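Everything on this sheet refers to the single structure shown next.
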Amino acid sequence: MVEDEEDHMKRKHPKYYEYIQKREKKETLSICGYCGTSVKNWRKHVQECHPELIANYTRKKKPKKKEEEEDLSAMFNLD
């Protein structure tokens, strides 16, 4: 069992360690507007940490109204 994973990676797998470091730098972090935490995957974070927000939003969403058909008889002089 490795106690210090970072030190182990530097010593035993230096090229892979560099690759991981570069990849982590490229990953963009988002800041959650609700709790201020820096997160990599904002959607997953909201689903896991703020399910009440999703529940509130789905309750507030109004159903779409069906469009009523127009009376075209006046346009085509069908009276």
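State whether one or more residues within region 61-79 are loosely packed, with under 10 Cβ neighbours inside 10 Å, on the phi < 0 side of the Ramachandran plot and modelled with pLDDT of 85 or more. Working first, answer last.
Filtering region 61-79 for residues loosely packed, with under 10 Cβ neighbours inside 10 Å gives 61-79.
Restricting the remaining residues to those that are on the phi < 0 side of the Ramachandran plot gives 61-76, 78-79.
Subsequent filtering for residues that are modelled with pLDDT of 85 or more retains none.
Within region 61-79, none of the residues are loosely packed, with under 10 Cβ neighbours inside 10 Å, on the phi < 0 side of the Ramachandran plot and modelled with pLDDT of 85 or more.
Taking only region 1-33 into account, find how many residues are among the acidic types (Asp, Glu) and part of a helix (DSSP H, G or I). Don't jump to the end; show me each part of the working.
Looking only at region 1-33, we keep the residues that are among the acidic types (Asp, Glu), and these are 3-7, 18, 24, 27.
Checking which are part of a helix (DSSP H, G or I) leaves us with 5-7, 18, 24.
Of the residues in region 1-33, 5 are among the acidic types (Asp, Glu) and part of a helix (DSSP H, G or I).
Acidic (Asp, Glu), out of contact with any Phe, Trp or Tyr (no Cβ under 9 Å at 6 or more places or on another chain) and at pLDDT 85 or above, is that true of residue 48? Don't jump to the end; show me each part of the working.
Working: acidic (Asp, Glu): yes; out of contact with any Phe, Trp or Tyr (no Cβ under 9 Å at 6 or more places or on another chain): yes; at pLDDT 85 or above: yes.
Against the criterion (acidic (Asp, Glu), out of contact with any Phe, Trp or Tyr (no Cβ under 9 Å at 6 or more places or on another chain) and at pLDDT 85 or above), residue 48 qualifies.
Would it be correct to say that residue 72 is part of a helix (DSSP H, G or I) and farther than 30 Å from residue 6 by Cα?
On the way: part of a helix (DSSP H, G or I): no; farther than 30 Å from residue 6 by Cα: yes.
Judged against the criteria, residue 72 is not a match.
Any residue at all in region 42-55 that is acidic (Asp, Glu) and under 18 Å from the mean Cα position of the chain (by Cα)? Walk me through how you get there before you give the answer.
Our first condition is that a residue be acidic (Asp, Glu); within region 42-55, this holds for 48, 52.
From what's left, under 18 Å from the mean Cα position of the chain (by Cα): 48, 52.
Yes - at least one qualifying residue is present in region 42-55.
Residue under question is residue 55, and the condition is that it be part of a helix (DSSP H, G or I) and at negative phi; does it hold? It would help to see each step written out before you state the result.
Values: part of a helix (DSSP H, G or I): yes; at negative phi: yes.
Criteria met by residue 55.
Taking into account only those residues within region 34-45 that are part of a helix (DSSP H, G or I) and surrounded by 10 or more Cβ atoms within 10 Å (Cβ to Cβ), which is modelled with the lowest pLDDT? Let's see the steps before the verdict.
To start, the set of residues in region 34-45 that are part of a helix (DSSP H, G or I) comprises 42-45.
Next, from what is left, pick out any that are surrounded by 10 or more Cβ atoms within 10 Å (Cβ to Cβ): 42, 44-45.
On the way: 42: 83, 44: 89, 45: 90.
Among those residues, the one meeting the criterion is 42.
The values are calculated or read from the model by the stated rules, or taken from the named source; none is laboratory data. Here the structure is a predicted model, which is why all the values come from computation and not from measurement. For neighbour counting, all protein chains shown are included, and Cβ atoms are generated from backbone atoms with ideal geometry for every residue, glycine included.
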